[in-house]
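Below is one structure; the comments refer to it alone.
No lab work stands behind these numbers, since they all come straight from the coordinates. For clarity, every value in this text was computed on a predicted model and none was experimentally measured. Here Cβ is always computed from backbone atoms with ideal geometry, including for glycine, and neighbour counts include all displayed protein chains.
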């Protein structure tokens, strides 16, 4: 086992449901220094696990294990504490609905209770990971010094709610899904999810210029099957639906601290923020990041000028990785006022 | 019956398949003048029938029945000559694959054989209708004086091929589809198609600003069910798949006249072209129309500055309708050199 487990006991979520014997799987890189001042949190994304984040971690990179203590917590529903491996009665279709806020609450428990951490130098992440970065800064404004969300927003805006409705509907059209009570995976639906997501994941120019060839695929259909269907066939259907619900309901203000006042939540962020939308991201268009960044007092908007669409943050294009890494280095080099 | 039927006998398509007793349903508005110089062709789109085009036709509008003879031919597969109503053995899943080129060939037969028309003042249309307009100009450069394709391109670019893969996969995930041999409609799949298309049909800003309220829907879910699921539940699944194939394979150069030389085909267009992409169209982004318009010798690019996304051409937003109508008037007022 290449990761650790944090067991907070029974966890009650915003939905009012309790997950018995919840656990948070996480992996750390590097060593916590004596002052506990070198902490970076780097949450995972829809369908990704901690190992899928490792492309951005390495000696000499911004996320530098010799220098920082990097904690990668797994999103609930991503295959660790998830519908697929929770005991009855909260298994499969009965897994509680979990918000991004709930995830961050649990990650906060991990950092404070397990490690006694009081300050976080940086929270960064991609997509739903970016949403967790925003949530960290809104939930704990005095604790989070910097955030660097890439290809993700502080709430899921309505169009992306619709996008995810399409993803869910494609999966649920497969009768083998059986409203979540399947014994065998609904593979037709999982493959359909791959094809639906293929359009949202990369940009017009990516497909026009056949950039999938750089990933080792030799035709469009090769890419659709090999990359997209392949990715989703490895996922559990209920896990995907649980994470889709989490994604659809992301909103840093949907909690007692802000009572739905989204602008107030953005204005309350004290962290120095480097907001990095993908220029051609069809899930999280730059226009929504621009709006959010304007309301965060200490934010820089730095679009990733790339045709890789949403996948700028998937670690699949070296130029985007370099861009993000350099931006993180710049941000980490900046002093913060509190 | 509010339309007419053209019966060309057996029609052989590019695929090499023959449709026995093919028929082309069409409707005309206005009267053909003695010189046969007042002809406008206005083909239909994916899922639309002639009556769905009528929002752009009316006294005093550019498409003015007192002035023009407007012919609206139905796309093969849209419910007239279609998988759903063709006799065995070419019914349901065995309906031949039909290209945009095939459609235009058939429309040409109608105009020349039935009406003796030699010149067309304008071909206009939305989406796959726009693709037919481009095809008309490429197939019959000396016959077509003007084209005004809106929210559609001269070929289906790769990203939109992917988009349609997602649409098809959502439908085909429903086992009731039964590879096309259903007796009852695969309604779960049809509803899923509605949800997938909802993301592609309108822009980020449309959903953010809740513009669906202007169409009489009171929430996002109300719109998803009432508009999107409602539209697709009325469609036949095999018809949708037939038209999706037509859409995916649109390419004005994919025929013996151009042998796949797309740029040559664009350069061969003699018509005065007013190319009108929707500024925030997620199916047919303006960047692809810009590329095409540059290669057409006599083209003006006039984006429709609207947040209605692909639906700029659906007749659902009065401002877009006015914009298109005014542009058509301008184009029709311009003399052509041949």
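Across the stretch B:160-244, Cα pairs under 8 Å and at least six residues apart give a relative contact order of 34 percent. Bridge orientation summary for the protein assembly as shown: considering DSSP beta bridges with both residues in this region, about 40 percent are antiparallel.
Starting from the Cα of residue B:59, step 7 Å toward the Cβ, then list every residue of the stretch B:7-43 with an amide N under 18 Å from that point. Under 18 Å, as judged by backbone N against the label point of residue B:59, lie B:29-32 of the stretch B:7-43. For residue B:2, the point set 7 Å out from Cα toward Cβ sits 6.4 nm from its twins in the other copies, listed from shortest up. List the distances, in nm to one decimal, from the label point of residue B:225 to the label points of the same position in every other copy, shortest first, placing each label point 7 Å from Cα along the Cα-to-Cβ direction. Result, one decimal in nm: 3.9. Placing a label point 7 Å from the Cα of residue B:10 along the Cα-to-Cβ direction, the residues of the stretch B:67-96 whose backbone N falls under 17 Å from that point are B:87-91, B:95-96.
With bins 10 Å wide beginning at 0, the percent of Cα pairs of chain A falling in each bin runs 6, 27, 36, 24, 7, 0.
Rounded to two decimals, what is the ratio between the C-alpha radius of gyration of the stretch B:141-293 and 2.2 N^0.38 Å?
On the way: Rg = 17.9 Å, N = 153, 2.2 N^0.38 = 14.9 Å.
Here the answer is 1.21, to two decimals.
Springs between alpha-carbon pairs under 10 angstrom, Gaussian network model over chain A: which of A:138, A:169, A:242 fluctuates most? Among A:138, A:169, A:242, the largest GNM mean-square fluctuation belongs to A:169. If the elastic network links every pair of Cα atoms under 10 Å, which of A:222, A:160, A:102 fluctuates the most in the Gaussian network model of chain A? It is A:222. Taking label points 7 Å from Cα along the Cα-to-Cβ direction, residue A:259 and residue B:37 give a separation of 7.2 nm.
Rg(Cα) of the stretch B:1-60 divided by 2.2 N^0.38 Å?
Numbers: Rg = 14.5 Å, N = 60, 2.2 N^0.38 = 10.4 Å.
Scaled against compact globular proteins, the figure is 1.39.
Taking every DSSP beta bridge that has both ends in chain A, the antiparallel portion is near 40%.
Could you give the semi-axes, largest first, of the ellipsoid that matches the stretch A:242-314, computed as the square roots of 5 times the alpha carbon gyration tensor eigenvalues and rounded to whole Å? Show your work: numbers first, answer last.
Details: eigenvalues 102, 60, 15 Å².
So the three semi-axes of the stretch A:242-314 are 23, 17, 9 Å.
Set the Cα radius of gyration of the stretch A:203-273 against 2.2 N^0.38 Å, with N its number of residues, and you get 1.73.
Percent of Cα pairs in the stretch A:160-244 per distance bin of 5 Å, from zero to the largest separation: 3, 15, 25, 23, 15, 12, 6, 2, 0.
Take every pair of alpha-carbon atoms less than 8 Å apart whose residues are at least six positions apart; their mean separation over the length of the stretch B:245-332 yields a relative contact order of 24 percent. Computed from label points 7 Å out along Cα-Cβ, the spacing between residue A:218 and residue A:3 is 3.5 nm.
Computed over chain B, relative contact order equals 18 percent, with contacts defined as Cα pairs under 8 Å that lie 6+ residues apart. Note on the protein assembly as shown: Kirkwood radius taken over Cα pairs, Stokes-Einstein applied at 25 °C and 0.890 mPa s, translational D equal to 92 µm² s⁻¹. Placing a pseudo-label 7 Å from each Cα along the Cα-to-Cβ vector at residue B:319 and residue B:175 gives an inter-label distance of 4.8 nm.
Using a ≥ b ≥ c from the Cα gyration tensor of the stretch A:187-226 (square roots of the eigenvalues), is it rounded, prolate or oblate, where a/c under 1.5 gives rounded and otherwise the larger of a/b and b/c decides, a/b for prolate?
Details: a/c = 3.09, a/b = 1.53, b/c = 2.01.
Judged from the Cα gyration tensor, the stretch A:187-226 comes out oblate (a/c at least 1.5, b/c at or above a/b).
Distances from residue B:322 to itself in the other copies, using label points 7 Å out along the Cα-Cβ axis, amount to 5.0 nm in increasing order.
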